[in-house]
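Below you'll find the structure, written out as structure tokens, and then a few comments.
The values are calculated or read from the model by the stated rules, or taken from the named source; none is laboratory data. Predicted model only: the values in this text are computed from it and were never measured. Cβ placement follows ideal geometry from the backbone for every residue including glycine, while neighbour counts extend to all protein chains displayed. Keep in mind that these areas ignore ligands, DNA and RNA; they rest on the heavy atoms of the full protein, side chains included. Shrake-Rupley method; radii C 1.70, N 1.55, O 1.52, S 1.80 Å.
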Amino acid sequence: IDVMTLSEVVSISGHSPFQISTSNGTKYVAKNIVLTSGSNAESGVDSTYLLKSYGHTPTEFYPSLVPLATDIQYLKGLKGVRIDAGATLYIDGIGVKTAYGEIIFKDNGLTGTLIFELSTALARSKKRDNVEIGIDFLPHIDNDNLSQVLSIGLEGLFHKEIVNNLKKRSVNDDIRHLVKSYIVKVKGAQSKDLAQVMSGGFNLGEFDISTLQSKKEKCIYAAGEVLDVDGDCGGFNLMWAFASGLTVGYNMEWE
């Protein structure tokens with residue numbers, strides 16, 4: 001395989017063999033096209049436009065596995081605090097995903113592995129307003145035993161700034177309810193520059209799922225994040241990249 005560096009592809013035209021034009025003026029001819037350009041997460045580039053002339057219609061990329069920007073009213077003093085907790089993402093008051101893990105409080109929102117998990121549900125949702133996160137500070141304590149646990153005092157359970165926020169907010173709410181469902185309003189995902197992956201890309205329905213060859217143009221394939229597939233934390237996105245790449249490699253017409 002010859003690797004051509006500093007040769008950004010600017011257009012693909014024709015039918016197998018394809019004509020490939022690059023930013024440095026060099027042109028190439030290829031029997032097969034395999035688009036594995038990923039997404040525009042972090043410093044990536046959205047290259048889905050390269051297949052639009054062949055009738056492919058990508059879903060717009062949206063940050064996933066990313067910190068969430070929130071209302072800061074109930075986060076005062078919490079910047080840098082880390083906790084292991086549970087949390088549920090609510091859209092229009094309906095719980096769409098619950099996860100457990102680490103939350104890290106920031107001055108403008110929430111991050112951590114738990115928040116990354118919830119961000120995937122937001123990215124895949126068609127509705128992204130009226131969104132809230134309900135934090136469960138004691139996820140392993142059920143309501144029947146909650147009062148007994150809280151009887152030792154908040155100071156013996158939580159970081160002092162969490163205690164301060166719980167006490168301030170409990171003026172108008174039951175402290176037991178707040179401990180199990182501390183609501184924070186979500187403004188949306190933070191910048192794609194902070195995202196590990198992006199949700200969106202080419203619709204899998206436009207590709208043969210067994211070979212990942214385009215249903216619209218013979219000898220065009222796609223693999224990895226450029227397809228509308230994104231996974232939770234835990235190596236699932238890497239697994240999809242490897243598995244889809246192998247699928248294309250095994251099924252491509254090499255001769």
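Table for the structure above
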read-out: Accessible-area composition of region 1-124, carbon plus sulfur, in percent [1.4 Å probe]; value: 53
read-out: Lysine pair number, Cα distance threshold 20 Å (strictly under), region 110-198, separation 8 or more or different chains; value: 12
read-out: Loop-located GluC sites (Glu not before Pro) in region 93-171, at most 16 other Cβ atoms within 10 Å (DSSP); value: none
read-out: At q = 0.22 Å⁻¹, base-10 log of I(q)/I(0) for region 17-110 (Debye sum, equal scatterers on each alpha carbon); value: -1.27
read-out: At least 20 Å along the helix axis (C-alpha) and Kyte average at least -1.0, DSSP helices within the chain; value: 236-251
read-out: K97 long-range amide H proximity, modeled H, under 5 Å; value: L89
read-out: Among [x] 1.29; [y] 1.34; [z] 1.10, the entry that matches Cα Rg over 2.2 N^0.38 Å as calculated here; value: [x]
read-out: Top positive-direction residue, dipole computed over region 87-165 with Cβ charges, set L122, V149, G112; value: L122
read-out: Computed helical MRE - 222 nm, the chain, DSSP H runs ≥ 4 contributing -39500 (n - 2.57), nearest 500; value: -6000 deg cm²/dmol
read-out: Local electrostatic count at V149 - Lys and Arg +1, Asp and Glu -1, tallied over other residues with Cβ under 14 Å; value: -2
read-out: Alpha carbon centroid spacing (whole Å) that separates region 125-154 from region 80-116; value: 11
read-out: Rounded to the nearest 10 Å², the accessible area of K192 at probe 1.4 Å; value: 70
read-out: For the chain, share of DSSP beta bridges that run antiparallel, in % to the nearest 5; value: 90
read-out: Length added when fully stretched, V171-N143, from 0.36 nm per residue minus Cα-Cα; value: 8.0 nm
